[in-house]
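The values are calculated or read from the model by the stated rules, or taken from the named source; none is laboratory data. Quick caveat: nothing in here was measured; it's all calculated off a predicted structure. Here the Cβ positions follow ideal geometry from the backbone for every residue, glycine too, while neighbour counts run over all protein chains shown. To get the accessible areas, we keep the full protein, side chains included, count just its heavy atoms, and leave off ligands, DNA and RNA. Shrake-Rupley method; radii C 1.70, N 1.55, O 1.52, S 1.80 Å.
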Amino acid sequence: GQQVMQIPQYQHVQEGEDFTTYCNSSTTLSNIQWYKQRPGGHPVFLIQLVKSGEVKKQKRLTFQFGEAKKNSSLHITATQTTDVGTYFCAGPYSGAGSYQLTFGKGTKLSVIP
Amino acid sequence: DGGITQSPKYLFRKEGQNVTLSCEQNLNHDAMYWYRQDPGQGLRLIYYSQIVNDFQKGDIAEGYSVSREKKESFPLTVTSAQKNPTAFYLCASSIAGTGHNQPQHFGDGTRLSIL
């Protein structure tokens with residue numbers, strides 16, 4: 001399947017600082033999803049972006065989909081210890097009409113209180 | 001309360017042994033998936049199924065087998081041919097709609113280790 005590249009792999013921030021993770025694809029994505037996995041837990045769906053240039057917010061989390069639909073970002077404002085975990089982006093596995101997902105390797109966020 | 005149940009939570013395999021990981025869902029989802037997660041590797045797709053009695057290989061299917069005899073159930077067998085089975089295994093399900101991908105719902109996972 002096609003790949004989505006995610007950076008950085010790790011991020012350590014002081015509580016209250018902002019955090020951003022980026023997801024990039026070499027091909028156009030019909031949509032992109034974001035998931036969060038708490039330590040010792042399982043991935044939980046956060047949001048899906050479909051439209052070019054789309055921006056969605058969930059409290060302190062802001063999700064963006066690039067104009068070319070090849071990249072996406074997740075920004076957390078004023079991190080809290082509850083934000084700790086690994087954030088994954090996921091795009092279509094291969095080609096149009098594919099219902100499977102291919103996941104990025106994730107960004108592991110640590111928040112220092 | 002709808003969800004996905006994986007069992008067991010922890011599993012140990014001896015050399016040359018096949019082991020089966022259970023995944024059951026009561027979300028009435030058509031599509032089910034198995035992923036393997038290793039540290040720093042993200043989630044890699046092992047097998048997926050869109051409908052009963054049909055399933056497809058993912059990126060790392062070698063050494064694994066699945067069945068889909070019931071809509072609710074998608075068990076994964078880790079065979080002795082899988083030489084490095086130690087990992088966290090996650091089962092997921094989703095609506096198998098057309099158009100854009102559907103959100104996937106994950107079970108709590110099974111941690112498999114070699115004895």
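In segment B:28-37, what residues are under 21 Å from A:V4 (Cα atoms) and facing another protein chain (nearest Cβ under 10 Å)?
The first filter runs over segment B:28-37 and keeps only residues under 21 Å from A:V4 (Cα atoms), leaving B:33-37.
If the condition is that a residue be under 21 Å from A:V4 (Cα atoms) and facing another protein chain (nearest Cβ under 10 Å), then B:Y33, B:Y35, B:Q37 are the ones that fit.
Looking only at strands (runs of 3 or more DSSP E) that lie completely in segment B:19-115, which have at least 2 residues being among the small types (G, A, S) and open to solvent by less than 20 Å² (accessible area, probe 1.4 Å)? Working first, answer last.
Details: elements: B:19-25, B:31-38, B:42-51, B:54-57, B:64-66, B:76-78, B:87-94, B:110-114.
Ranges flagged: B:42-51, B:87-94.
Does segment B:91-100 contain at least one residue that is facing another protein chain (nearest Cβ under 10 Å) and in contact with a Cys (Cβ under 7 Å, 6 or more places away or on another chain)? Even if it seems obvious, please write down each step before you answer.
Kept after step one, since they are facing another protein chain (nearest Cβ under 10 Å), are these residues of segment B:91-100: B:91-92, B:94-100.
Now narrow it down to the ones that are in contact with a Cys (Cβ under 7 Å, 6 or more places away or on another chain): B:91.
Yes, segment B:91-100 has at least one match.
Checking the conditions here, which among A:S30, A:S25, A:S72 is more than 14 Å from the chain's Cα centre (by Cα), closer than 21 Å to B:R44 by Cα and of a type in the set (S, T, Y)? I'd like the intermediate steps shown before the answer.
Numbers: A:S25 fails: more than 14 Å from the chain's Cα centre (by Cα); A:S72 fails: more than 14 Å from the chain's Cα centre (by Cα).
None of the other options fit; the residue is A:S30.
Give me the pairs, please: first residue somewhere in segment A:27-51 and at the interface with chain B (Cβ under 7 Å from one of its Cβ atoms) and of a type in the set (S, T, Y), second residue anywhere and open to solvent by less than 20 Å² (accessible area, probe 1.4 Å) and not in a strand (DSSP E or B), beta-carbon distance under 9 Å, and either six or more positions apart or on two chains.
Filtered contacts from segment A:27-51: A:S30/A:S98; A:S30/B:N101.
Which residues, counting only those in segment A:99-113, are in contact (Cβ under 8 Å) with a residue 60 or more places away in the chain and within 14 Å of chain B (Cβ to nearest Cβ)? First the steps, then the outcome.
The first filter runs over segment A:99-113 and keeps only residues in contact (Cβ under 8 Å) with a residue 60 or more places away in the chain, leaving A:100-113.
Those that are in contact (Cβ under 8 Å) with a residue 60 or more places away in the chain and within 14 Å of chain B (Cβ to nearest Cβ): A:Q100, A:L101, A:T102, A:F103, A:G104, A:K105, A:G106, A:T107, A:K108.
Which residue is farthest from A:L46 (Cα to Cα), if the candidates are limited to segment A:84-97 and must be of a type outside the set (F, W, Y) and open to solvent by less than 10 Å² (accessible area, probe 1.4 Å)? Steps first, please.
Step one: filter segment A:84-97 for residues of a type outside the set (F, W, Y), giving A:84-86, A:89-92, A:94-97.
Applying the additional criterion that residues be open to solvent by less than 10 Å² (accessible area, probe 1.4 Å) yields A:85, A:89-92.
On the way: A:G85: 13, A:C89: 10, A:A90: 11, A:G91: 14, A:P92: 16 Å.
Ranking the candidates gives A:P92 first.
Would you check which residues across segment A:1-42 are touching an Asp or Glu at 6+ places or on another chain (Cβ under 8 Å) and either open to solvent by less than 30 Å² (accessible area, probe 1.4 Å) or within 17 Å of A:Y99 (Cα to Cα) (or both) and list them? Before the answer, list the steps.
Keep residues of segment A:1-42 that are touching an Asp or Glu at 6+ places or on another chain (Cβ under 8 Å), which gives A:1, A:19, A:41-42.
Hits for segment A:1-42 are A:G1, A:F19, A:G41.
Could you look through segment A:62-83, keep only residues that are more than 26 Å from A:S26 (Cβ to Cβ) and open to solvent by 20 Å² or more (accessible area, probe 1.4 Å), and pick out the one that is farthest from the other protein chains (Cβ to nearest Cβ)?
In this case the residue turns out to be A:A78.
Of the numbered conditions (1) at pLDDT 95 or above; (2) over 15 Å from the mean Cα position of the chain (by Cα), B:Q37 fails exactly one; give the number of that condition.
Here B:Q37 meets the rest and fails (2).
Okay, residues lined up against (1) β-branched (V, I, T); (2) more than 11 Å from the chain's Cα centre (by Cα):
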{"site": "B:K9", "(1), (2)": "no, yes"}
{"site": "B:R13", "(1), (2)": "no, yes"}
{"site": "B:Q17", "(1), (2)": "no, yes"}
{"site": "B:Q41", "(1), (2)": "no, yes"}
{"site": "B:Y48", "(1), (2)": "no, no"}
{"site": "B:Q56", "(1), (2)": "no, yes"}
{"site": "B:T77", "(1), (2)": "yes, no"}
{"site": "B:N84", "(1), (2)": "no, yes"}
{"site": "B:H100", "(1), (2)": "no, yes"}
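Could you tell me whether any residue of segment B:6-13 is under 17 Å from A:A90 (Cβ atoms), facing chain A (nearest Cβ under 10 Å) and open to solvent by less than 50 Å² (accessible area, probe 1.4 Å)? Steps first, please.
Start the filter on segment B:6-13 by keeping residues that are under 17 Å from A:A90 (Cβ atoms), which leaves none.
No, segment B:6-13 contains no residue that is under 17 Å from A:A90 (Cβ atoms), facing chain A (nearest Cβ under 10 Å) and open to solvent by less than 50 Å² (accessible area, probe 1.4 Å).
Among the listed residues B:G58, B:G40, which satisfies the condition of being at positive phi and within 14 Å of chain A (Cβ to nearest Cβ)? It would help to see each step written out before you state the result.
Details: B:G58 fails: at positive phi.
None of the other options fit; the residue is B:G40.
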